[in-house]
Every structure is written in C-alpha cells, then in structure tokens.
Amino acid sequence: MRGRKKTGTAQDAESAQLKGLQKGLGNEGLGRKLGTASQQRDEMLRHICERLQVVQGAQSKERLAMGQEREWFKAVAKGKEGYHQPDPSRWHECTRLFKQAADALCMGNLGRGALLLEQAVEAEHAAFDSVPRMVQVDLDREERAAQAPDATFQVNDEAACAACERPDELKIAERILAIQDTVQATPPMGRPNRWWETKEIEEEEEEEEDDA
C-alpha cells in the first residue's frame, strides 16, 4: 500500500511509543512485540480497505436504484415488506468508523483502532440489513457484510504499534461520504402524481370494469 510520508506529529508519537515499549520489553522483546503488532495493524488495514471498496460498490447499486423508481414505487407506496426508498447515505456511518479506525491504526493506536473497527463492522452489518429489497437482489455474495479480522480481537484497548503511512485506498472513504443523493418520499397509493402511476391505475380500473 502506498501513502503519504509521516508527519512530524506521527513520528513523535511513534518515537514515544517505541521508548515506552523498549523500557518494558528490552530490545529483543521489543522487536518481537513490534513485529506482531505491525502484522495485526496491517491485517486490520487490509480489511478496512477491502470493505470500503465493497461499501462503495453497494452504495453505487443503491444510487442506481434511485433512477429506477418506476420498478419499485408501487411496492413502496403499498408498504410492501422490505421495500422502502433507496438511501445512499446509509453507508456513511460505517464509512466514518472505518476511516477513524484506519487513522488510529496508522498513528500507532492499535487498541483504539481495533475498537473502532469492531464498531465499523457492526455499522456495516446494520447498513446491509437495512438495504431495501430491490437493492438486495443486486448485491453479490462478496458484498455482504464480513466479520472483523482475527487481529481485531487479539489486542487490548491500550495496545500500541509502530505508526505507518496512510494507504491510498482510504481515499475511497471520502468518495463515499461525498454522496448526498436523496429520494423524495413516495406518496401512498391512491394519490398518483406521475403519469405512469395514473396510467396503471386507469388500466386496473378498466380491467375491473371488463370483469364486471
């Protein structure tokens, strides 16, 4: 993963963490500790980058559904179970948490990064669970919410690691958060305000008259 160079603040934080660890572990123990912590950090960062790509894909499919209103407006208007308006902003909460987790990990705050990652995964699950049915059918199996990596549960809240460069893939988070599209509320059936709704209702009434 490529990223920006470390800032002075990140370098200072890393130096302080290394000194504290070295005091308690010694040089040999410090090397082993940092190796394990860095592996855990990298595992979590990889997961975050992968999930952000998935979230962006799911959000794109929900945006696409917004332009296909004719296909789902009746089910929404009738209050059919599982059908409601698309909302691309539902992906903002998990994205913000993924971003915060990645920032913490890159700064060397392993424990806080793991905690935020757990919260991000929960928020991602909630987002997928709340997706309307017409969007769910377009989601691939890989796009379903995944479990947090094992490394997330192997560190304590105060764990630290060496700081690292911020992966370029994290820029996806800003693109997801920039999407602010919304859909106007779908009126209940019986109050059509679209030409195709009116036409469909007229056709249904004609069919009923013919049957009579």
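Values in this text are rule-based calculations from the coordinates and carry no lab data. Fair warning: this is a prediction, and the values are worked out from it, not measured in the lab. We place every Cβ from the backbone using ideal geometry, glycine too, and count neighbours over all the protein chains shown.
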Quick one: which residues, 5 or more positions from Gly108 or on another chain, have an amide H under 5 Å from its amide H? H modelled 1.01 Å from N in the peptide plane, none for Pro or chain starts.
Cys164
Sort Phe98, Phe128, Phe153 so the one with the fewest other Cβ atoms within 10 Å of its own Cβ comes first.
Phe153, Phe128, Phe98
Residue-ordered couplings for the range 106-118, obtained by feeding phi - 60° into the Karplus form 6.51 cos²θ - 1.76 cosθ + 1.60 and rounding to whole Hz (Gly and Pro as x), are 5, 7, x, 8, 4, x, 5, x, 5, 4, 5, 5, 4
Which whole-Hz ³J(HN,Hα) couplings does the range 156-170 yield from phi under the Karplus relation 6.51 cos²θ - 1.76 cosθ + 1.60, θ = phi - 60°, glycine and proline marked x?
8, 5, 9, 4, 10, 8, 5, 5, 8, 6, 7, x, 4, 4, 5
Only Lys, Arg (+1) and Asp, Glu (-1) charged, at Cβ; the range 78-138 dipole about Cα centre in debye:
160 debye
